[in-house]
Amino acid sequence: MERQSPSPASRLQRHQQRCTQARRRMVILLALLACALCGLVVTLIIVHVVRPAAPQPSPPAARTTDKTDEKYSFVDSHYQGIRSKLVSRTSTKEKVSLEYPLTGNSTIDTTIASAIDQLDHEFRQSVAAGRTFHRPMTEAISYQITHNTNAALSVIIQANQDTHGAHPASF
């Protein structure tokens, strides 16, 4: 018994049915994708609106330590025209050494001092929140002058903080 090949009209009809089914599947998939994308957008909006805003870091207070904690000294640095203000604090919880450059320009001195004070303030918060270890947490902040002319001054602040975490932090 020999099978007859389908007529061109029936083949065309089957092809059109398959194309129609494929289009339906494509429309369903696109609708599902659009729903998933809308769900993702709505979720992100809800999370963003519901989640509290991250607290802004508080600026350091004008004085972060008692006068009895700190020792000051002023020395001439090995950079021409720049002096150093050295601040040290030592207690059972912390050992701190800060070096501030004093250029004689109040704008530059204030800008650099506020950056150093901010780093020190964050360290003090870590010390206050941290546990007491067998040795104090340490912080050393110093500076380097890489360029010093009448037209420009380039200062690098190097900060090292060890709060007994996985590894010390350097900035």
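The values are calculated or read from the model by the stated rules, or taken from the named source; none is laboratory data. Keep in mind it's a predicted model, so treat the numbers as computed, not measured. Note that each Cβ is placed from the backbone with ideal geometry, even for glycine, and that neighbours are counted across all protein chains shown.
Listed values, structure above:
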item	result
Residue match in segment 115-125 (condition: in a strand (DSSP E or B), at pLDDT 90 or above and either in contact with a Gly (Cβ under 9 Å, 6 or more places away or on another chain) or not basic (K, R) (or both))	no
Failed item, numbered, when R89 is tested on (1) in a helix (DSSP H, G or I); (2) surrounded by 12 or more Cβ atoms within 10 Å (Cβ to Cβ)	(1)
In segment 99-153, the residues that are touching a strand residue (DSSP E or B) at 6+ places or on another chain (Cβ under 9 Å) and of a type in the set (G, A, S)	G104, A113, A115, S126, G130, A140, S142
Filter result for P60 (at pLDDT below 80 and surrounded by 13 or more Cβ atoms within 10 Å (Cβ to Cβ))	yes
Residue ID - farthest from S84 (Cα to Cα), chosen from residues in segment 97-117 that are surrounded by 15 or more Cβ atoms within 10 Å (Cβ to Cβ) and of a type in the set (S, T, N, Q)	S97
V75 being free of Cβ contacts under 8 Å to residues at least 12 places away in the same chain, touching a Ser or Thr at 6+ places or on another chain (Cβ under 9 Å), in a strand (DSSP E or B) and not charged (D, E, K, R)	yes
